[in-house]
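Trainee: Have a look at this one before I ask anything.
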Amino acid sequence: MRKRKILFAAFEATPFIKTGGLGDVAGSLPPALCNGENEVRVVLPKLSSLPAEYVQKLRFIKSFTVPLSWRNQYCGLFELKHNGVRFYFLDNEYYFSRPQPYGCFDDGERMAFFAKAVCECMVHLPSFFPDVLHCNDWHSALAVVFLREQYRGMVNYERVKTVFTIHNLKFQGIYDSFNLGDILGLNGSQAARDQLCADGSLNYLRGAVCYADRVTTVSPTYAREICTAEFGEGLEGLFRHRQNVLSGILNGIDNESYNPAADASLAANYTEPSGKAANKLALQRLLGLREEAHTPIFAMVSRLTEQKGVDLLCALLPRIRDMGVQLAILGTGDKGFEEALTLSALDSNGSIATRMEFSEPLSRLFYAGADVLLMPSRFEPCGLSQMIAMRYGTVPLVRYTGGLRDSVSEYSGESGTGFGFEDCTPEAMLAAMERAKTVYADREAWKTLAERDMAQRFGWERSADSYRQLYEELCP
């Protein structure tokens, strides 16, 4: 039987580059998707931040030209096999040799080039023309549009089905509508104008939602939420219109990578909650927290933004200092939040500590050394930190929204995996923290809860099955 061929397009993927959850997903989902019925390959930009150890292993396949409106741009195609999956890297130094992957003045043109290059590269992939093109977030969204607008009627392209996954609707790729012609070369298509443009602006993500055969989000709850004005970011009407092709599939994590029994970033490896003690002490010493074995550490490993509910945490800082707990923060973000947290730590007498950086090894020590992980998000499409925390025996405390609602259940003694709150207020968050502190004081109850969390399995097997079913429906 011929395998179904899936081309997975994303702008980042671990271990090559990661700035957030998309990188985790694009790096760990494709290997899980491969089976006897599906062959999955991944296409990425060849960014200048690609680690040298992988650059040295790249195999050049060929170069070709990418037409982008009035431009004709060089594109090099490279290949690397990693973790059983073939990764393709699209090279163009003008677009991709930048100090950072995102945030450049010409991101609109850079992402349009990447999307168009994804379409062009299909005919150059050795013995592999995809049955399904699976694009992720606004960076690759235009590939879905180009495929239908500029490759219609071309041999093989006509039969390609498309899946578009939204990892964070907050970022849509919105630009001046002038770019519809000048960059995309679609000014002559009324259908493209109608589906890409709204309120005088060009919206890359909107185009993919309109053109894709299937649209997915990274949790079932978030798929429902984006159909409402509160979470729809202005596109709720479109999502309601396309509900027949919209679904939510909860993300997973790489259980081999996030394994406290083998994680080299930890002070000590462990297989049960009692083994966390050495990591808790190491974290306290590293951060300058008081070395108190039975004082609960509440930790946050996050971008420090309002979306992540950091404003709720900042409002509680004076009361947290008097709670008899410790607070550890790892992350970067809004300067106002960074300053508030840093100043609070200086005046906390060893009960609050901050690290304004992002470090993958340090984040793992936080997961292993903390007792509670705080995720008071205003919205959260999926969230991976709560899953990682449970893997390490750290109890999540979340606001029940998006994927947090789908992955964390309220503790009630005999059941439940964490603590949470509904109202997006400091008072509601504080009440959840007090509940967690009360249970923590019962050492046997807390041990049982931590064991229950460590027994949870958020690997990719279940999610991969849902994606495979989606591919099968598109290409029986």
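The values are calculated or read from the model by the stated rules, or taken from the named source; none is laboratory data. Since the model is a prediction, treat every value here as computed from it, not as a measurement. Cβ placement follows ideal geometry from the backbone for every residue including glycine, while neighbour counts extend to all protein chains displayed.
Trainee: Could we say that MET454 is surrounded by fewer than 22 Cβ atoms within 10 Å (Cβ to Cβ), among the hydrophobic types (A, V, I, L, M, F, W, C) and within 20 Å of PHE366 (Cβ to Cβ) here?
Mentor: Yes; evaluated as a whole, the condition is true for this residue.
Trainee: Continuing with the same structure: Kindly indicate whether any position in the stretch 402-411 is buried (at least 22 other Cβ atoms within 10 Å of the Cβ) and hydrophobic (A, V, I, L, M, F, W, C).
Mentor: Within the stretch 402-411, one or more residues are buried (at least 22 other Cβ atoms within 10 Å of the Cβ) and hydrophobic (A, V, I, L, M, F, W, C).
Trainee: Please go through the stretch 429-472 and give me each residue that is free of Cβ contacts under 8 Å to residues at least 12 places away in the same chain and closer than 30 Å to PRO30 by Cβ, ordered by number.
Mentor: ALA455, ASP465, GLN469
Trainee: Also, quick follow-up: Tell me, yes or no, whether the stretch 255-266 has at least one residue that is of a type outside the set (A, V, I, L, M), assigned to a loop (DSSP other than H, G, I, E, B) and closer than 21 Å to SER140 by Cβ.
Mentor: no
Trainee: Among the residues of the stretch 324-337, write down those that are touching a Pro at 6+ places or on another chain (Cβ under 9 Å) and either farther than 19 Å from GLY288 by Cβ or part of a loop (DSSP other than H, G, I, E, B) (or both).
Mentor: Residues satisfying the conditions are GLY324, VAL325.
Trainee: Of the residues that make up the stretch 240-259, is at least one of a type outside the set (A, V, I, L, M) and over 30 Å from PHE379 (Cβ atoms)?
Mentor: No, the stretch 240-259 contains no residue that is of a type outside the set (A, V, I, L, M) and over 30 Å from PHE379 (Cβ atoms).
Trainee: Considering LEU80, LEU58, LEU50, which residue is within 30 Å of GLU461 (Cα to Cα) and out of contact with any Leu (no Cβ under 6 Å at 6 or more places or on another chain)?
Mentor: Only one candidate qualifies: LEU50.
Trainee: Quick check on my filter: what residues within the stretch 159-193 are within 20 Å of VAL43 (Cβ to Cβ) and outside any loop (DSSP other than H, G, I, E, B)?
Mentor: Scanning the stretch 159-193 gives ARG159, LYS161, THR162, VAL163, PHE164, THR165, ILE166.
Trainee: Let me ask something else about it. For residues that are farther than 20 Å from ALA431 by Cα and either part of a strand (DSSP E or B) or more than 28 Å from the chain's Cα centre (by Cα) (or both), tally how many sit in the stretch 287-317.
Mentor: The number of residues fulfilling the criteria is 9.
Trainee: Residue by residue through the stretch 66-78, note down the ones that are farther than 13 Å from VAL55 by Cβ and not small (Gly, Ala, Ser).
Mentor: Filtering the stretch 66-78 for residues farther than 13 Å from VAL55 by Cβ gives 66-75, 77.
Passing the criteria: VAL66, PRO67, LEU68, TRP70, ARG71, ASN72, GLN73, TYR74, CYS75, LEU77.
Trainee: Please go through the stretch 457-473 and pick out each residue that is assigned to a helix (DSSP H, G or I) and surrounded by fewer than 17 Cβ atoms within 10 Å (Cβ to Cβ).
Mentor: Correct list: GLU461, ARG462, ASP465, SER466, GLN469, GLU472, GLU473.
Trainee: Kindly provide the set of residues from the stretch 305-326 that are farther than 19 Å from PHE421 by Cα and buried (at least 24 other Cβ atoms within 10 Å of the Cβ), ordered by number.
Mentor: GLN326
Trainee: Do we have GLU53 as outside any loop (DSSP other than H, G, I, E, B) and over 25 Å from PHE146 (Cα atoms) here?
Mentor: Against the criterion (outside any loop (DSSP other than H, G, I, E, B) and over 25 Å from PHE146 (Cα atoms)), GLU53 qualifies.
Trainee: Same structure, new question: Does SER63 count as over 22 Å from ALA208 (Cβ atoms), crowded, with 20+ Cβ neighbours inside 10 Å, outside the structural domain of GLY383 (by TED's automatic domain parsing) and not hydrophobic (A, V, I, L, M, F, W, C)?
Mentor: No.
Trainee: Go through the stretch 107-138 and count every residue that is surrounded by fewer than 21 Cβ atoms within 10 Å (Cβ to Cβ), assigned to a loop (DSSP other than H, G, I, E, B) and either under 23 Å from the mean Cα position of the chain (by Cα) or not charged (D, E, K, R) (or both).
Mentor: Counting residues in the stretch 107-138 that are surrounded by fewer than 21 Cβ atoms within 10 Å (Cβ to Cβ), assigned to a loop (DSSP other than H, G, I, E, B) and either under 23 Å from the mean Cα position of the chain (by Cα) or not charged (D, E, K, R) (or both) gives 5.
Trainee: Residue check, ARG98 against (1) under 29 Å from TYR471 (Cβ atoms); (2) surrounded by fewer than 22 Cβ atoms within 10 Å (Cβ to Cβ); (3) of a type in the set (D, E, K, R), all met but one. Which one?
Mentor: (1)
Trainee: Sticking with this structure for a sec: Looking only at the stretch 38-50, filter to residues that are out of contact with any helix residue (DSSP H, G or I) (no Cβ under 7 Å at 6 or more places or on another chain) and either outside any strand (DSSP E or B) or in the same structural domain as LEU304 (by TED's automatic domain parsing) (or both); which one of those is surrounded by the most Cβ atoms within 10 Å (Cβ to Cβ)? It would help to see each step written out before you state the result.
Mentor: First, the residues of the stretch 38-50 that are out of contact with any helix residue (DSSP H, G or I) (no Cβ under 7 Å at 6 or more places or on another chain): 39, 41, 44, 49-50.
Going one step further and asking which of them are either outside any strand (DSSP E or B) or in the same structural domain as LEU304 (by TED's automatic domain parsing) (or both), we end up with 49-50.
Values: SER49: 14, LEU50: 18.
Per the stated criteria, the residue is LEU50.
Trainee: Hey, among the residues in the stretch 194-216 that are under 23 Å from the mean Cα position of the chain (by Cα) and in a strand (DSSP E or B), which one's farthest from PRO67 (Cα to Cα)?
Mentor: In this case the residue turns out to be THR216.
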